[in-house]
(Lines give C-alpha, C1' and ligand atoms only; values in the text may rest on other atoms or scores of the structure.)
Protein backbone atom coordinates (compact mmCIF):
# COMPACT_ATOMS: atom_id res chain seq x y z
CA UNK A 1 0.00 0.00 0.00
CA UNK A 2 1.27 3.48 -0.84
CA UNK A 3 2.28 5.92 1.85
CA UNK A 4 -0.56 8.19 2.78
CA UNK A 5 0.51 11.79 3.12
CA UNK A 6 -2.50 13.67 4.39
CA UNK A 7 -5.04 13.03 7.08
CA UNK A 8 -7.80 13.15 4.47
CA UNK A 9 -6.29 10.02 2.91
CA UNK A 10 -7.49 8.12 5.97
CA UNK A 11 -11.09 9.23 5.53
CA UNK A 12 -12.10 6.18 3.47
CA UNK A 13 -13.19 4.22 6.52
CA UNK A 14 -10.16 1.91 6.31
CA UNK A 15 -8.66 3.15 9.60
CA UNK A 16 -9.35 0.39 12.08
CA UNK A 17 -8.10 2.07 15.27
CA UNK A 18 -8.42 5.74 16.21
CA UNK A 19 -6.98 7.23 19.39
CA UNK A 20 -8.92 10.47 19.81
CA UNK A 21 -7.42 13.77 20.95
CA UNK A 22 -8.76 13.39 24.50
CA UNK A 23 -7.59 9.77 24.86
CA UNK A 24 -4.51 8.69 26.84
CA UNK A 25 -3.26 5.11 26.44
CA UNK A 26 -0.65 3.60 28.75
CA UNK A 27 0.44 0.21 27.41
CA UNK A 28 0.75 -1.55 24.09
CA UNK A 29 -1.40 -0.56 21.11
CA UNK A 30 -1.34 -3.47 18.63
CA UNK A 31 -3.43 -3.78 15.45
CA UNK A 32 -3.36 -5.57 12.11
CA UNK A 33 -5.15 -2.58 10.53
CA UNK A 34 -4.45 1.12 10.08
CA UNK A 35 -4.00 3.21 13.24
CA UNK A 36 -4.55 6.95 13.64
CA UNK A 37 -3.29 8.63 16.82
CA UNK A 38 -4.54 12.09 17.78
CA UNK A 39 -4.06 11.68 21.56
CA UNK A 40 -1.30 10.47 23.91
CA UNK A 41 0.26 6.98 23.90
CA UNK A 42 3.01 5.49 26.09
CA UNK A 43 4.24 1.92 25.68
CA UNK A 44 4.43 0.36 22.21
CA UNK A 45 2.56 1.01 18.96
CA UNK A 46 2.55 -1.82 16.42
CA UNK A 47 0.73 -2.41 13.14
CA UNK A 48 1.63 -4.22 9.96
CA UNK A 49 -0.33 -1.55 8.05
CA UNK A 50 -0.31 2.29 8.18
CA UNK A 51 0.19 4.61 11.14
CA UNK A 52 -0.82 8.29 11.13
CA UNK A 53 0.24 10.52 14.03
CA UNK A 54 -1.75 13.77 14.10
CA UNK A 55 -0.23 17.21 14.74
CA UNK A 56 -1.47 17.38 18.37
CA UNK A 57 -0.56 13.76 19.17
CA UNK A 58 2.22 12.73 21.53
CA UNK A 59 3.74 9.28 21.55
CA UNK A 60 6.36 8.12 24.04
CA UNK A 61 6.73 4.61 22.73
CA UNK A 62 8.59 2.35 20.36
CA UNK A 63 6.83 2.15 17.00
CA UNK A 64 6.70 -0.73 14.52
CA UNK A 65 4.59 -0.19 11.38
CA UNK A 66 4.36 -0.92 7.67
CA UNK A 67 4.17 2.79 6.68
CA UNK A 68 3.91 5.93 8.79
CA UNK A 69 3.10 9.62 8.52
CA UNK A 70 4.19 11.67 11.51
CA UNK A 71 2.77 15.13 12.09
CA UNK A 72 2.99 15.06 15.92
CA UNK A 73 5.61 14.51 18.61
CA UNK A 74 7.32 11.12 19.01
CA UNK A 75 9.94 10.02 21.50
CA UNK A 76 11.09 6.43 20.95
CA UNK A 77 12.59 3.96 18.51
CA UNK A 78 10.82 3.85 15.13
CA UNK A 79 10.91 0.80 12.85
CA UNK A 80 9.04 1.20 9.55
CA UNK A 81 9.00 -1.56 6.93
CA UNK A 82 8.48 0.72 3.93
CA UNK A 83 7.79 4.50 3.86
CA UNK A 84 8.17 7.05 6.63
CA UNK A 85 7.14 10.68 6.18
CA UNK A 86 7.80 13.30 8.85
CA UNK A 87 5.62 16.30 8.09
CA UNK A 88 6.45 19.95 8.86
CA UNK A 89 4.78 19.81 12.30
CA UNK A 90 6.45 16.49 13.17
CA UNK A 91 9.06 16.15 15.90
CA UNK A 92 10.95 12.88 16.31
CA UNK A 93 13.45 12.10 19.04
CA UNK A 94 14.85 8.59 18.62
CA UNK A 95 16.45 6.25 16.14
CA UNK A 96 14.71 5.38 12.88
CA UNK A 97 14.93 2.25 10.75
CA UNK A 98 13.03 2.33 7.43
CA UNK A 99 13.27 1.59 3.71
CA UNK A 100 12.42 5.14 2.53
CA UNK A 101 12.43 8.38 4.52
CA UNK A 102 10.98 11.79 3.64
CA UNK A 103 11.35 14.80 5.93
CA UNK A 104 9.36 17.91 5.09
CA UNK A 105 10.95 21.33 5.63
CA UNK A 106 10.20 22.50 9.17
CA UNK A 107 10.12 19.01 10.68
CA UNK A 108 12.52 18.15 13.49
CA UNK A 109 14.49 14.93 13.89
CA UNK A 110 17.07 14.07 16.54
CA UNK A 111 18.60 10.60 16.35
CA UNK A 112 20.07 8.32 13.74
CA UNK A 113 18.52 6.69 10.70
CA UNK A 114 19.30 3.31 9.16
CA UNK A 115 17.81 2.60 5.77
CA UNK A 116 17.42 -0.88 4.31
CA UNK A 117 19.65 -1.81 1.40
CA UNK A 118 17.95 -2.29 -1.96
CA UNK A 119 17.03 -5.93 -2.60
CA UNK A 120 19.29 -6.00 -5.66
CA UNK A 121 22.31 -5.00 -3.54
CA UNK A 122 23.45 -2.59 -6.30
CA UNK A 123 24.36 0.17 -3.88
CA UNK A 124 27.99 1.27 -3.98
CA UNK A 125 29.68 3.24 -1.20
CA UNK A 126 30.27 6.95 -1.76
CA UNK A 127 33.99 7.68 -2.11
CA UNK A 128 35.37 11.16 -1.53
CA UNK A 129 37.85 11.83 -4.34
CA UNK A 130 40.21 14.62 -3.45
Considering residues of the range 1-31 that are within 20 Å of residue 98 (Cβ to Cβ) and part of a loop (DSSP other than H, G, I, E, B) only, the residue modelled with the lowest pLDDT: 1
Boolean, residue 119 is modelled with pLDDT of 95 or more, surrounded by fewer than 16 Cβ atoms within 10 Å (Cβ to Cβ) and over 22 Å from residue 15 (Cβ atoms): no
Filtered residues of the range 32-47 (kept if part of a strand (DSSP E or B), surrounded by fewer than 19 Cβ atoms within 10 Å (Cβ to Cβ) and over 14 Å from the mean Cα position of the chain (by Cα)): 42, 43
All positions within the range 85-97 that are part of a strand (DSSP E or B) and in contact (Cβ under 8 Å) with a residue 24 or more places away in the chain: 85
Matching residues, the range 65-84, being on the phi < 0 side of the Ramachandran plot and not in a strand (DSSP E or B): 66, 71, 72, 77, 81, 82
Near pairs, Cβ below 8 angstrom, 6+ apart or cross-chain, from the range 36-64 (free of Cβ contacts under 8 Å to residues at least 60 places away in the same chain and at positive phi) to any residue that is buried (at least 20 other Cβ atoms within 10 Å of the Cβ) and in a strand (DSSP E or B): 43/29; 43/61
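The values are calculated or read from the model by the stated rules, or taken from the named source; none is laboratory data. Bear in mind the structure is a predicted one, so any value in this text is a computation, not a measurement. Neighbour counts run over all protein chains shown; Cβ positions are idealised from the backbone, glycine included.
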